[in-house]
1. Show which aspartates and glutamates lie in cross-link reach of K92 when reach means a straight Cα distance below 12 angstrom and same-chain residues fewer than eight apart are skipped.
2. Given the options V98, H205, L151, identify the residue whose Cα lies farthest towards the positive end of the charge dipole of the chain (+1 on Cβ of Lys, Arg; -1 on Cβ of Asp, Glu).
3. Among K13, K40, rank each residue by its count of other Cβ atoms within 10 Å, from fewest to most, as a rough exposure measure.
4. Given H placed 1.01 Å from N in the peptide plane, which residues other than close sequence neighbours of V16 have an amide H under 5 Å from its amide H?
5. Using only Cα atoms and rounding to the nearest 10 degrees, what angle (0 to 90) does helix 169-184 make with the longest principal axis of the chain?
6. Suppose the chain between S36 and E201 were pulled fully straight at 0.36 nm per residue; how much longer would it get relative to their current alpha carbon spacing?
7. Extending each Cα 7 Å along its Cβ direction at D52 and N73, get the distance between those two points in nm, one decimal.
8. Tell me, what is a quarter of the convex hull surface for the C-alpha atoms of the stretch 52-169, in nm² with one decimal?
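What follows is calculated from the coordinates using simple rules that are stated; it is not laboratory data. Just so you know, these numbers come straight off a predicted model, no measurement behind them. Note that each Cβ is placed from the backbone with ideal geometry, even for glycine, and that neighbours are counted across all protein chains shown.
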Amino acid sequence: MISIRGLKKSYGKLDVLKGIDLDVHSGEKVVVIGPSGSGKSTMLRCINGLEDPDEGTITMNGVEITSRRTNMNKVRERLGMVFQRFNLWPHKTVAENVMLGQMVVGHRTKAEARARALEMLRRVGLEEKADVYPVTLSGGQQQRVGIARALAMNPDAILFDEPTSALDPELVGEVLSVMKKLAEEGMTMIVVTHEIGFAREVADHVIFMDGGVIVEQGTPEEVLEHPKEERTRGFLKRVL
Ligand code: ADP
Ligand code: MG
């Protein structure tokens with residue numbers, strides 16, 4: 001579904017991505033781990049077109065999204081994104097937050113968007129919070145709204161960038177369990193996270209990035225239990 005070849009990105013003299021190759025198949029769950037500054041967020045931002053790569057190609061469902069001729073709005077409609085900070089609109093209700101993209105980008109009527117918002121809020125266990133404002137919710141609940149908002153666009157895949165890193169420890173579990181449910185339902189997911197337990201349980205494929213390259217990749221068993229590379233072992237020792 002998503003195919004990345006020779007992806008390179010620099011900011012001035014800083015080479016952040018030094019040639020990334022990655023394939024994500026439909027229904028696959030890819031977990032990306034690696035130290036801070038290794039280029040994980042930059043890679044996700046290149047995939048959903050928030051950054052222009054310097055070199056390389058990214059194709060999604062056979063369409064090269066790195067081509068200037070491709071309408072990135074169309075691509076972004078097909079890709080959900082969940083950020084570390086939930087970025088909910090504070091002056092809009094929970095339901096309105098989930099409706100907005102559907103109406104502006106998805107061209108749904110208000111009634112259609114509301115019906116779908118309620119359905120997605122039900123999927124993340126927050127239907128009863130539809131008409132309150134985000135400030136009244138816990139961080140974990142706000143992040144679940146962020147996931148409902150991504151789901152509402154009916155994406156082909158969802159990219160998660162450290163979705164639980166900004167949460168108090170006791171709120172991490174509720175967000176991970178919503179993500180596990182999505183995974184079981186067959187959603188294609190790329191998840192950047194330091195939650196090794198989640199990677200072990202949910203990932204089909206684990207990528208370890210460091211210094212702008214994929215140092216090691218494979219099944220959770222291969223990368224997390226029997227890492228071949230010294231850098232992977234050192235990183236795992238630090239996060240486990
Ligand atoms: P990670 O998500 O793995 O922590 P990032 O992709 O956020 O890593 O960042 C990789 C490196 O690129 C870091 O050194 C960061 O400071 C730098 N960087 C990221 N975005 C920008 C930007 N817009 N301008 C300049 N430097 C950036
Ligand atoms: Mg990051």
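1. Within the straight-line cut-off, K92 pairs with D131.
2. Of the candidates, V98 comes out farthest on the positive side.
3. The fewest-first ordering by Cβ neighbours comes to K13, K40.
4. Correct list: K9, S10, Y11.
5. With both axes taken from Cα atoms, the answer is about 90 degrees.
6. Full-extension gain reported as 57.1 nm.
7. Between D52 and N73, the simple spin-label model gives 1.9 nm.
8. It is 8.4 nm².
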